[in-house]
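I have placed the structure first, in the form of structure tokens, so that the comments after it can refer back to it.
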Amino acid sequence: MSHHAYQPKGPRFEAEADYVVVGSGAGGAMAAVTLARAGQQVAIVEAGPWREPKDYPSSAYGALRDLFDEYGTTVTMGRALWPVVQARVVGGTTVINSAIAVRTPSDVFDRWQREFDIPRAELADSVWRHEDRVERELCVEEVPAGSLGRSNELALLGGKRLEYENHVMRRYTKHCDGSGQCLQGCKAGKKQSTNLNYVPETLSRGGHVLSSAPVERVVFEGTRAIGVLGHFVDPLHRKRGAEFFVRAKKGVVIAASATHSPALLQRSGLRHPALGKFFRAHPGTGVFGVYDQPVDMNIGATQGWASIHYRDSPGLKLETLAIPPEMVAGRLSGGGHTLMARVKEFRHLAMWVCAVRAESHGTVKNGFGNRPSVRYTLDRADMEKLRTGLHLVAKTHFAAGAKRVIPGIQGLPYDLGPDQLHVLENAPLDPRAYVAILSHLFGGCVMGKDERTSVCDPNGRVHGYQGLLVADASVIPSNLGVNPQHTIMGLAGHFMERQVA
Amino acid sequence: MVAIFPGGSGLPGIVECDLDGFLDRFFQEAALALKLGLVAGAVLYQLSPLLTVGLPVPAFLLSEAQRERHLNRLLSHPIYLLRQACFLLKTVAGLCWGSHPSVRALYALPPYPPDPGSCRST
């Protein structure tokens, strides 16, 4: 077993394993450990460095530098430039997300069968079985009451008063202590990101891990994938190091994310009609509530409350999201003395967000410098959902006792009182008026039975190729309306179990 | 950046928050796209008072009140790309200002430990 970190320019590094897994996030780590437990030797090849909790940054700047993909500079190219949130580190986005565990809803499998001819019964049962396993192994728990913090408690109160379904989140954490540092990586080691469990387990079962090793292309012999090729990159100075080649005796599993997986397959020469298409997301944005008493949203779980009451209609998920002062400062509108007066209220602010179950879809292409280029714009129907979501969030703030809300929408007043909620109902439908992000990403290598409209079959195997699989969010052919980590892990487990059966 | 976070309302300005040290680190470490975006935002801010306050001078020649008006009009400008370029400048400035121990103390938050920047080498 061995871990190979950055290697400076020199002789080519070579390794061999039964399976090469590209990426170490939810999909990659789950795929790797499932294969390793089945007795296969696995090499995980991860673009980012391997950081332990002691290596995690504390500040948001440090998180962008050390954990995020290209400092978080990947943005959608469309009507609006919205950041695409992804990590580049061993553990992938599980290091920087809030570790929210939601089982794949039953209706998702129904839709996949109806629209993509993916057999429901066997897939659903298998995915749920893997999700059960992950829940046990990664210690999924409700956020402990003592770790919720005021912002989450207020959201529970608001949801209760409005009498819609809402709940304390279940997350992959071991006794969360509410340090409010999920986005910067949990230095307390409570969050069960995959760099702490499935990646080390794969290594301990005789595998290899290459870190700081972005894959440039998959190597083929005819239509059989036989390995991956790339160059190490210095995690600090980003200098190119030694070339590496990892040979796969049995198969290559791509799990580099919904943006990087399609881009990697494109630059590897795949010319598939559906490759890079059907990229989807849950775009999200938030509303600040301003309360009389300090909320101190950075004390307590970063995200501890959610509602899926509006998941089916109109298609929304509501959540709390604590962001640190350095991000609030950028998010509140205005500058100069106007801004200083606004940020003074920081302790009294609570940020709650809505994520849209968007039906709009876009494309991913391999762009300049091997970076994915994402074209994506929300259509009018999805923008209406976003507007409805912000209205619901604002209403919940007022139900919880907020005296004002700050919607942060271009063209609207800076803040609104309880008697001005109607203003949000008429907020603009132009995406450029909103500061939003894309956090849950799907598609680009979607699965299905029809080779003309899908890249992989329902077992993650790329149509027309041998020994080439995809096992991450890029195979998911529709939005989920819930946080995707559980589904990604369930699918990756299912695919790999089938592969070694 | 100084115009965006000038200090006031009992809060320190960005100059008091080790802006020079932050910018040194930023220009050494940040991704090229981000550095270019920041420079573009700064150039735009300096050269665009004609678009916002109708004065054909660079922003550094404006009075404090004019500069504030210029900044706020740019940040809410109807042309999206102008607004976004300035938003990027503000976001990066916010990363410096909001993480400084003096600011965090006023928000009853402990100072951040240093970002180690370390990783496993074996």
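Does A:Gly62 satisfy being open to solvent by less than 10 Å² (accessible area, probe 1.4 Å) and within 8 Å of chain B (Cβ to nearest Cβ)?
Considered against the rule, which asks whether it is open to solvent by less than 10 Å² (accessible area, probe 1.4 Å) and within 8 Å of chain B (Cβ to nearest Cβ), A:Gly62 comes out as yes.
Testing B:Pro78 on (1) out of contact with any helix residue (DSSP H, G or I) (no Cβ under 7 Å at 6 or more places or on another chain); (2) farther than 27 Å from A:Trp82 by Cα, one condition comes back false. Which one is that?
(2)
Is there a residue in the range A:420-431 that is crowded, with 20+ Cβ neighbours inside 10 Å, touching a residue at least 40 places away in the same chain (Cβ under 8 Å) and either within 14 Å of another protein chain (Cβ to nearest Cβ) or aliphatic (A, V, I, L, M) (or both)?
Checking the range A:420-431: at least one residue is crowded, with 20+ Cβ neighbours inside 10 Å, touching a residue at least 40 places away in the same chain (Cβ under 8 Å) and either within 14 Å of another protein chain (Cβ to nearest Cβ) or aliphatic (A, V, I, L, M) (or both).
As an exercise: evaluate B:Ala93 against (1) under 23 Å from B:Gly7 (Cα atoms); (2) more than 7 Å from chain A (Cβ to nearest Cβ); (3) in contact with a Lys or Arg (Cβ under 8 Å, 6 or more places away or on another chain) and give the number of the one condition it does not meet.
Only one criterion is unmet by B:Ala93, namely (3).
Name the single residue that is surrounded by the most Cβ atoms within 10 Å (Cβ to Cβ) among those in the range A:299-332 being of a type in the set (Lys, Arg) and away from chain B (no Cβ under 14 Å).
Only one residue tops the list, namely A:Lys317.
For the subset of the range A:255-298 comprising residues that are modelled with pLDDT of 95 or more and among the basic types (Lys, Arg), which member is most open to solvent (accessible area, probe 1.4 Å)?
This residue is A:Lys277.
Could you say whether any residue in the range A:434-441 is surrounded by fewer than 18 Cβ atoms within 10 Å (Cβ to Cβ) and either of a type outside the set (D, E, K, R) or closer than 25 Å to A:Val482 by Cβ (or both)?
Looking through the range A:434-441, none of the residues is surrounded by fewer than 18 Cβ atoms within 10 Å (Cβ to Cβ) and either of a type outside the set (D, E, K, R) or closer than 25 Å to A:Val482 by Cβ (or both).
Counting residues that are within 30 Å of A:Val140 (Cα to Cα), which strands (runs of 3 or more DSSP E) fully inside the range A:298-394 reach at least 1?
A:305-307, A:316-320, A:349-356
Would the range B:110-120 turn up any residue that is part of a helix (DSSP H, G or I) and facing chain A (nearest Cβ under 7 Å)?
no
Tell me whether the range A:18-34 contains one or more residues that are open to solvent by less than 30 Å² (accessible area, probe 1.4 Å), out of contact with any Asp or Glu (no Cβ under 8 Å at 6 or more places or on another chain), under 27 Å from A:Glu131 (Cα atoms) and within 14 Å of chain B (Cβ to nearest Cβ).
No, every residue in the range A:18-34 fails to be open to solvent by less than 30 Å² (accessible area, probe 1.4 Å), out of contact with any Asp or Glu (no Cβ under 8 Å at 6 or more places or on another chain), under 27 Å from A:Glu131 (Cα atoms) and within 14 Å of chain B (Cβ to nearest Cβ).
For the range B:26-90, which fully contained helices (runs of 4 or more DSSP H) count at least 1 residues that are over 29 Å from A:Ala436 (Cβ atoms)?
Filter on the range B:26-90 gives B:49-52, B:64-75.
Any residue at all in the range B:24-37 that is within 11 Å of the chain's Cα centre (by Cα), within 12 Å of chain A (Cβ to nearest Cβ) and either modelled with pLDDT of 90 or more or on the phi > 0 side of the Ramachandran plot (or both)?
Within the range B:24-37 (the criterion being within 11 Å of the chain's Cα centre (by Cα), within 12 Å of chain A (Cβ to nearest Cβ) and either modelled with pLDDT of 90 or more or on the phi > 0 side of the Ramachandran plot (or both)), the answer is no, since none of the residues qualifies.
Can you tell me how many residues in the range B:68-103 are open to solvent by 30 Å² or more (accessible area, probe 1.4 Å), farther than 14 Å from B:Val43 by Cα and free of Cβ contacts under 8 Å to residues at least 12 places away in the same chain?
6
How many residues, within the range B:53-86, are within 11 Å of chain A (Cβ to nearest Cβ) and among the aromatic types (Phe, Trp, Tyr)?
Result for the range B:53-86: 1.
The values are calculated or read from the model by the stated rules, or taken from the named source; none is laboratory data. Keep in mind it's a predicted model, so treat the numbers as computed, not measured. Note that we place each Cβ from the backbone using ideal geometry, even for glycine, and neighbour counts take in every protein chain shown. Just so you know, the surface numbers come from the protein's heavy atoms only, side chains and all, with ligands and any DNA or RNA stripped out. Shrake-Rupley method; radii C 1.70, N 1.55, O 1.52, S 1.80 Å.
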